[in-house]
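The values are calculated or read from the model by the stated rules, or taken from the named source; none is laboratory data. Bear in mind the structure is a predicted one, so any value in this text is a computation, not a measurement. So basically every Cβ, Gly included, is an ideal-geometry build from the backbone, and we count neighbours across all protein chains shown.
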(Lines give C-alpha, C1' and ligand atoms only; values in the text may rest on other atoms or scores of the structure.)
Protein backbone atom coordinates (compact mmCIF):
# COMPACT_ATOMS: atom_id res chain seq x y z
CA UNK A 1 0.00 0.00 0.00
CA UNK A 2 1.43 3.36 -1.02
CA UNK A 3 0.19 6.71 0.23
CA UNK A 4 0.30 9.93 -1.81
CA UNK A 5 3.25 11.97 -0.56
CA UNK A 6 3.53 14.66 -3.23
CA UNK A 7 2.10 17.32 -0.94
CA UNK A 8 5.16 17.29 1.24
CA UNK A 9 6.98 19.78 -0.93
CA UNK A 10 4.44 22.43 -0.11
CA UNK A 11 5.49 22.98 3.46
CA UNK A 12 7.04 26.43 3.78
CA UNK A 13 9.86 24.90 5.73
CA UNK A 14 11.83 22.09 4.28
CA UNK A 15 10.63 19.51 6.75
CA UNK A 16 9.91 17.58 3.92
CA UNK A 17 11.18 18.84 0.69
CA UNK A 18 11.21 15.18 -0.10
CA UNK A 19 12.04 13.56 -3.34
CA UNK A 20 10.87 10.57 -5.27
CA UNK A 21 11.59 7.29 -3.55
CA UNK A 22 13.68 5.83 -6.38
CA UNK A 23 16.13 8.69 -6.46
CA UNK A 24 16.22 9.44 -2.74
CA UNK A 25 17.07 5.81 -2.05
CA UNK A 26 20.04 5.84 -4.42
CA UNK A 27 23.52 5.83 -2.91
CA UNK A 28 24.63 8.79 -5.03
CA UNK A 29 21.77 10.97 -3.84
CA UNK A 30 22.19 10.00 -0.20
CA UNK A 31 25.94 10.65 -0.27
CA UNK A 32 25.69 14.07 -1.91
CA UNK A 33 22.69 15.24 0.11
CA UNK A 34 24.14 14.17 3.47
CA UNK A 35 27.52 15.72 2.67
CA UNK A 36 26.04 19.05 1.55
CA UNK A 37 23.61 19.33 4.43
CA UNK A 38 26.19 18.41 7.07
CA UNK A 39 28.77 20.79 5.60
CA UNK A 40 26.43 23.77 5.46
CA UNK A 41 24.85 23.02 8.84
CA UNK A 42 28.19 22.62 10.63
CA UNK A 43 29.54 25.87 9.18
CA UNK A 44 26.31 27.68 10.01
CA UNK A 45 25.99 26.35 13.55
CA UNK A 46 29.57 27.26 14.45
CA UNK A 47 29.34 30.68 12.77
CA UNK A 48 26.04 31.69 14.36
CA UNK A 49 27.18 30.57 17.81
CA UNK A 50 30.26 32.79 17.35
CA UNK A 51 28.03 35.75 16.45
CA UNK A 52 26.01 35.29 19.64
CA UNK A 53 29.15 34.90 21.77
CA UNK A 54 31.00 37.96 20.44
CA UNK A 55 28.00 40.24 20.95
CA UNK A 56 27.35 38.95 24.48
CA UNK A 57 31.00 38.99 25.56
CA UNK A 58 32.27 42.16 23.83
CA UNK A 59 30.97 45.39 25.31
CA UNK A 60 31.47 47.62 22.26
CA UNK A 61 29.56 45.08 20.10
CA UNK A 62 26.34 45.54 22.07
CA UNK A 63 24.61 47.91 19.65
CA UNK A 64 20.96 47.98 18.54
CA UNK A 65 21.88 46.59 15.11
CA UNK A 66 23.91 43.77 16.62
CA UNK A 67 21.02 42.88 18.92
CA UNK A 68 18.93 42.21 15.83
CA UNK A 69 21.81 40.21 14.35
CA UNK A 70 21.86 38.06 17.49
CA UNK A 71 18.14 37.43 17.07
CA UNK A 72 18.80 36.52 13.44
CA UNK A 73 21.66 34.21 14.45
CA UNK A 74 19.49 32.37 17.00
CA UNK A 75 16.71 32.03 14.42
CA UNK A 76 19.20 30.66 11.88
CA UNK A 77 20.50 28.20 14.46
CA UNK A 78 16.94 27.03 15.00
CA UNK A 79 16.50 26.47 11.27
CA UNK A 80 19.77 24.56 10.91
CA UNK A 81 19.16 22.33 13.93
CA UNK A 82 15.44 21.73 13.41
CA UNK A 83 15.44 21.53 9.61
CA UNK A 84 18.93 20.58 8.50
CA UNK A 85 19.94 17.85 10.91
CA UNK A 86 16.64 15.88 10.76
CA UNK A 87 17.00 15.80 6.98
CA UNK A 88 20.31 13.99 7.38
CA UNK A 89 18.61 11.14 9.21
CA UNK A 90 15.74 11.29 6.73
CA UNK A 91 18.18 10.87 3.83
CA UNK A 92 20.05 8.03 5.53
CA UNK A 93 17.06 6.01 6.74
CA UNK A 94 14.43 7.01 4.18
CA UNK A 95 11.78 7.29 6.90
CA UNK A 96 10.73 9.58 9.71
CA UNK A 97 12.34 8.40 12.97
CA UNK A 98 11.32 11.10 15.46
CA UNK A 99 7.75 10.05 16.12
CA UNK A 100 4.64 12.19 16.31
CA UNK A 101 6.02 14.50 19.00
CA UNK A 102 9.11 15.09 16.87
CA UNK A 103 6.95 15.82 13.85
CA UNK A 104 5.00 18.49 15.72
CA UNK A 105 7.98 20.00 17.53
CA UNK A 106 10.38 20.05 14.59
CA UNK A 107 7.78 21.54 12.25
CA UNK A 108 7.01 24.23 14.81
CA UNK A 109 10.69 25.09 15.31
CA UNK A 110 11.31 25.24 11.57
CA UNK A 111 8.53 27.76 11.06
CA UNK A 112 9.59 29.66 14.15
CA UNK A 113 13.20 30.01 12.99
CA UNK A 114 12.32 30.96 9.43
CA UNK A 115 9.71 33.55 10.39
CA UNK A 116 11.80 35.11 13.16
CA UNK A 117 14.75 35.46 10.78
CA UNK A 118 12.52 37.32 8.33
CA UNK A 119 11.20 39.60 11.10
CA UNK A 120 14.73 40.24 12.39
CA UNK A 121 15.85 41.31 8.92
CA UNK A 122 12.88 43.67 8.72
CA UNK A 123 13.70 45.07 12.17
CA UNK A 124 17.34 45.92 11.45
CA UNK A 125 16.33 47.38 8.07
CA UNK A 126 13.96 49.80 9.79
CA UNK A 127 16.59 50.52 12.46
CA UNK A 128 19.18 51.42 9.80
CA UNK A 129 16.69 53.67 8.05
CA UNK A 130 15.90 55.60 11.23
CA UNK A 131 19.56 55.82 12.28
CA UNK A 132 20.71 57.26 8.95
CA UNK A 133 17.73 59.18 7.62
CA UNK A 134 16.43 60.47 10.97
CA UNK A 135 19.52 60.80 13.21
CA UNK A 136 17.83 63.07 15.74
CA UNK A 137 14.98 60.65 16.29
CA UNK A 138 17.49 57.78 16.40
CA UNK A 139 18.88 59.11 19.68
CA UNK A 140 15.74 57.97 21.47
CA UNK A 141 14.42 55.28 19.13
CA UNK A 142 17.53 53.30 18.19
CA UNK A 143 18.65 52.11 21.60
CA UNK A 144 19.69 48.71 22.90
CA UNK A 145 16.84 48.57 25.41
CA UNK A 146 14.26 49.31 22.71
CA UNK A 147 15.87 46.76 20.41
CA UNK A 148 15.56 44.11 23.12
CA UNK A 149 11.88 44.92 23.58
CA UNK A 150 11.25 44.71 19.84
CA UNK A 151 13.09 41.39 19.61
CA UNK A 152 11.07 40.01 22.53
CA UNK A 153 7.87 41.12 20.78
CA UNK A 154 8.97 39.48 17.52
CA UNK A 155 9.68 36.16 19.21
CA UNK A 156 6.43 36.20 21.22
CA UNK A 157 4.33 37.05 18.15
CA UNK A 158 6.04 34.40 16.02
CA UNK A 159 5.80 31.76 18.76
CA UNK A 160 2.05 32.30 18.93
CA UNK A 161 1.61 32.54 15.15
CA UNK A 162 3.45 29.27 14.50
CA UNK A 163 1.37 27.31 17.00
CA UNK A 164 -1.19 26.61 14.29
CA UNK A 165 1.23 24.00 12.89
CA UNK A 166 0.67 21.85 15.94
CA UNK A 167 -2.77 21.15 14.45
CA UNK A 168 -1.80 20.84 10.79
CA UNK A 169 0.84 18.10 10.60
CA UNK A 170 0.96 14.46 11.59
CA UNK A 171 2.80 11.22 10.89
CA UNK A 172 1.74 9.70 7.56
CA UNK A 173 2.51 6.39 5.87
CA UNK A 174 4.36 6.82 2.61
CA UNK A 175 4.78 3.13 1.79
CA UNK A 176 3.81 -0.13 3.45
CA UNK A 177 5.47 -3.44 2.62
CA UNK A 178 2.84 -6.11 3.30
CA UNK A 179 5.30 -8.98 3.00
CA UNK A 180 7.93 -7.61 5.37
CA UNK A 181 5.47 -5.67 7.50
CA UNK A 182 7.59 -2.52 7.25
CA UNK A 183 6.24 1.02 6.99
CA UNK A 184 8.00 4.06 5.57
CA UNK A 185 6.78 7.14 7.44
CA UNK A 186 7.01 10.86 6.86
CA UNK A 187 5.91 13.99 8.67
CA UNK A 188 3.15 15.42 6.49
CA UNK A 189 -0.21 17.11 6.33
CA UNK A 190 -3.38 15.97 8.03
CA UNK A 191 -5.61 17.16 5.19
CA UNK A 192 -5.28 17.77 1.46
CA UNK A 193 -2.60 20.19 0.42
CA UNK A 194 -5.10 22.41 -1.44
CA UNK A 195 -6.57 23.47 1.90
CA UNK A 196 -3.22 24.95 2.93
CA UNK A 197 -3.13 27.48 0.08
CA UNK A 198 -4.27 30.42 2.26
CA UNK A 199 -1.51 29.62 4.77
CA UNK A 200 1.10 29.50 1.99
CA UNK A 201 -0.04 32.84 0.63
CA UNK A 202 -0.09 34.47 4.07
CA UNK A 203 3.40 33.19 4.84
CA UNK A 204 4.66 34.18 1.41
CA UNK A 205 3.25 37.69 1.79
CA UNK A 206 4.14 38.42 5.42
CA UNK A 207 7.52 36.75 5.69
CA UNK A 208 8.96 37.15 2.19
CA UNK A 209 7.28 39.69 -0.07
CA UNK A 210 6.59 42.36 2.56
CA UNK A 211 10.14 42.36 4.06
CA UNK A 212 11.68 42.57 0.60
CA UNK A 213 9.42 45.39 -0.61
CA UNK A 214 10.07 47.30 2.61
CA UNK A 215 13.82 46.71 2.26
CA UNK A 216 13.83 47.99 -1.34
CA UNK A 217 12.10 51.21 -0.33
CA UNK A 218 14.10 51.86 2.84
CA UNK A 219 17.51 51.01 1.40
CA UNK A 220 16.69 53.25 -1.55
CA UNK A 221 16.05 56.13 0.87
CA UNK A 222 19.21 55.27 2.80
CA UNK A 223 21.27 55.29 -0.40
CA UNK A 224 19.92 58.70 -1.31
CA UNK A 225 21.08 60.10 2.04
CA UNK A 226 24.47 58.40 2.11
CA UNK A 227 25.52 59.12 -1.45
CA UNK A 228 24.00 62.54 -2.02
CA UNK A 229 26.88 65.09 -2.00
CA UNK A 230 24.87 67.66 -0.05
CA UNK A 231 24.20 65.13 2.71
CA UNK A 232 27.49 63.31 2.93
CA UNK A 233 28.96 65.79 5.43
CA UNK A 234 26.33 64.98 8.03
CA UNK A 235 27.27 63.04 11.13
CA UNK A 236 25.10 60.47 12.78
CA UNK A 237 24.68 60.60 16.50
CA UNK A 238 25.40 57.30 18.26
CA UNK A 239 25.45 56.01 21.80
CA UNK A 240 29.05 57.13 22.32
CA UNK A 241 29.09 60.32 20.32
CA UNK A 242 29.42 61.15 16.64
CA UNK A 243 29.94 58.43 14.08
CA UNK A 244 31.38 59.05 10.65
CA UNK A 245 28.85 58.42 7.86
CA UNK A 246 31.43 56.23 6.14
CA UNK A 247 31.15 53.75 9.03
CA UNK A 248 27.38 53.76 8.78
CA UNK A 249 27.71 53.23 5.05
CA UNK A 250 29.86 50.12 5.59
CA UNK A 251 27.39 48.64 8.08
CA UNK A 252 24.48 49.41 5.78
CA UNK A 253 26.20 47.73 2.83
CA UNK A 254 26.78 44.63 4.92
CA UNK A 255 23.14 44.47 6.00
CA UNK A 256 21.97 45.11 2.44
CA UNK A 257 24.00 42.08 1.31
CA UNK A 258 22.27 40.01 4.01
CA UNK A 259 18.87 41.10 2.65
CA UNK A 260 19.85 40.42 -0.97
CA UNK A 261 21.08 36.92 -0.15
CA UNK A 262 17.91 36.29 1.85
CA UNK A 263 15.88 37.18 -1.24
CA UNK A 264 17.99 35.12 -3.66
CA UNK A 265 18.45 32.00 -1.54
CA UNK A 266 14.79 31.76 -0.58
CA UNK A 267 13.53 32.51 -4.11
CA UNK A 268 13.83 28.95 -5.56
CA UNK A 269 11.90 27.36 -2.71
CA UNK A 270 9.27 30.10 -2.34
CA UNK A 271 8.67 30.09 -6.10
CA UNK A 272 8.37 26.31 -6.19
CA UNK A 273 5.88 26.28 -3.31
CA UNK A 274 3.81 28.98 -4.99
CA UNK A 275 3.75 27.17 -8.34
CA UNK A 276 3.01 23.77 -6.79
CA UNK A 277 0.08 25.30 -4.93
CA UNK A 278 -1.74 25.95 -8.22
CA UNK A 279 -0.76 23.02 -10.45
CA UNK A 280 -2.51 19.63 -10.28
CA UNK A 281 0.77 17.68 -10.29
CA UNK A 282 3.54 19.24 -8.13
CA UNK A 283 7.05 19.43 -9.53
CA UNK A 284 9.15 17.06 -7.41
CA UNK A 285 12.47 16.60 -9.17
CA UNK A 286 14.79 15.19 -6.50
CA UNK A 287 17.91 17.11 -7.45
CA UNK A 288 16.08 20.41 -7.73
CA UNK A 289 14.55 19.84 -4.31
CA UNK A 290 18.03 19.19 -2.96
CA UNK A 291 19.13 22.48 -4.52
CA UNK A 292 16.21 24.31 -2.85
CA UNK A 293 16.96 22.69 0.47
CA UNK A 294 20.65 23.57 0.29
CA UNK A 295 19.81 27.19 -0.54
CA UNK A 296 17.62 27.39 2.58
CA UNK A 297 20.40 26.06 4.78
CA UNK A 298 22.97 28.28 3.09
CA UNK A 299 20.83 31.33 3.88
CA UNK A 300 20.97 30.41 7.56
CA UNK A 301 24.70 29.66 7.46
CA UNK A 302 26.17 32.44 5.36
CA UNK A 303 25.49 35.51 7.49
CA UNK A 304 28.49 35.07 9.85
CA UNK A 305 30.71 34.74 6.78
CA UNK A 306 29.34 38.06 5.50
CA UNK A 307 29.96 39.75 8.84
CA UNK A 308 33.54 38.50 8.89
CA UNK A 309 34.17 39.60 5.31
CA UNK A 310 32.55 43.03 5.45
CA UNK A 311 32.81 44.22 9.06
CA UNK A 312 36.14 45.05 10.66
CA UNK A 313 34.51 45.05 14.10
CA UNK A 314 33.10 41.56 13.68
CA UNK A 315 36.35 40.33 12.19
CA UNK A 316 38.31 41.65 15.16
CA UNK A 317 35.74 40.28 17.60
CA UNK A 318 35.90 36.83 16.00
CA UNK A 319 39.69 36.89 16.24
CA UNK A 320 39.44 38.06 19.83
CA UNK A 321 37.10 35.21 20.64
CA UNK A 322 39.55 32.74 19.12
CA UNK A 323 42.47 34.39 20.95
CA UNK A 324 40.57 34.16 24.24
CA UNK A 325 39.99 30.46 23.70
CA UNK A 326 43.69 29.95 22.99
CA UNK A 327 44.64 32.06 26.02
CA UNK A 328 42.33 30.06 28.27
CA UNK A 329 43.84 26.86 26.91
CA UNK A 330 47.37 28.16 27.54
CA UNK A 331 46.49 29.25 31.06
CA UNK A 332 44.91 25.87 31.76
CA UNK A 333 48.07 24.15 30.53
CA UNK A 334 50.29 26.39 32.68
CA UNK A 335 48.16 25.66 35.74
CA UNK A 336 48.45 21.94 35.09
CA UNK A 337 52.22 22.20 34.61
CA UNK A 338 52.55 24.23 37.79
CA UNK A 339 50.46 21.64 39.64
CA UNK A 340 52.66 18.82 38.36
CA UNK A 341 55.89 20.63 39.20
CA UNK A 342 54.52 21.53 42.63
CA UNK A 343 53.65 17.92 43.32
CA UNK A 344 57.11 16.82 42.11
CA UNK A 345 58.90 19.24 44.42
CA UNK A 346 56.64 18.52 47.39
CA UNK A 347 55.27 15.00 46.93
CA UNK A 348 52.24 14.23 49.03
CA UNK A 349 52.49 10.49 48.46
CA UNK A 350 55.16 7.98 47.67
CA UNK A 351 53.63 7.31 44.28
CA UNK A 352 55.83 8.49 41.35
CA UNK A 353 54.44 11.17 39.04
CA UNK A 354 54.43 8.79 36.11
CA UNK A 355 51.91 6.62 37.91
CA UNK A 356 49.51 9.41 38.85
CA UNK A 357 46.45 10.33 36.85
CA UNK A 358 46.87 13.93 35.66
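Output the number of residues of the stretch 64-75 satisfying the condition of being buried (at least 22 other Cβ atoms within 10 Å of the Cβ) and either touching a strand residue (DSSP E or B) at 6+ places or on another chain (Cβ under 7 Å) or closer than 16 Å to residue 110 by Cα (or both).
4
Among the residues of the stretch 265-279, how many are without any contact (Cβ under 8 Å) to a residue 60 or more places away in the chain and either farther than 22 Å from residue 202 by Cβ or part of a helix (DSSP H, G or I) (or both)?
6
Six or more apart or on different chains, Cβ under 6 Å: which pairs go from a residue in the stretch 177-198 that's under 17 Å from residue 280 (Cα atoms) to one that's at pLDDT 75 or above? Could you list them?
Between residues of the stretch 177-198 that are under 17 Å from residue 280 (Cα atoms) and residues that are at pLDDT 75 or above, the close pairs are 197/277.
Does residue 272 qualify as being surrounded by 13 or more Cβ atoms within 10 Å (Cβ to Cβ), closer than 25 Å to residue 80 by Cα, out of contact with any strand residue (DSSP E or B) (no Cβ under 8 Å at 6 or more places or on another chain) and modelled with pLDDT of 95 or more?
no
Okay, residues lined up against (1) in contact (Cβ under 8 Å) with a residue 60 or more places away in the chain; (2) under 21 Å from residue 41 (Cβ atoms); (3) surrounded by fewer than 21 Cβ atoms within 10 Å (Cβ to Cβ); (4) touching a strand residue (DSSP E or B) at 6+ places or on another chain (Cβ under 9 Å):
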position	(1), (2), (3), (4)
295	no, yes, yes, no
298	yes, yes, yes, no
306	no, yes, yes, no
317	yes, no, no, no
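Has the stretch 13-26 got at least one residue that is more than 26 Å from residue 170 (Cβ to Cβ), surrounded by fewer than 16 Cβ atoms within 10 Å (Cβ to Cβ) and modelled with pLDDT under 90? Explain how you work it out, then say what you get.
First pass over the stretch 13-26, keeping only residues more than 26 Å from residue 170 (Cβ to Cβ): 26.
Still in the running and surrounded by fewer than 16 Cβ atoms within 10 Å (Cβ to Cβ): 26.
Right, trim to modelled with pLDDT under 90 and you get 26.
Yes, the stretch 13-26 has at least one match.
Could you check the stretch 284-293 and list, in sequence order, the residues that are touching a helix residue (DSSP H, G or I) at 6+ places or on another chain (Cβ under 8 Å) and in contact (Cβ under 8 Å) with a residue 24 or more places away in the chain?
284, 286, 287, 289, 290, 292, 293
What is the number of the single condition among (1) more than 18 Å from residue 41 (Cα to Cα); (2) out of contact with any helix residue (DSSP H, G or I) (no Cβ under 8 Å at 6 or more places or on another chain); (3) in contact (Cβ under 8 Å) with a residue 12 or more places away in the chain that residue 115 does not meet?
Failing condition for residue 115: (2).
Taking residue 282 as the residue in question, decide whether it is within 30 Å of residue 40 (Cα to Cα), in a loop (DSSP other than H, G, I, E, B) and modelled with pLDDT under 95. Break it down into steps so the answer makes sense when it comes.
Numbers: within 30 Å of residue 40 (Cα to Cα): yes; in a loop (DSSP other than H, G, I, E, B): yes; modelled with pLDDT under 95: yes.
Yes.
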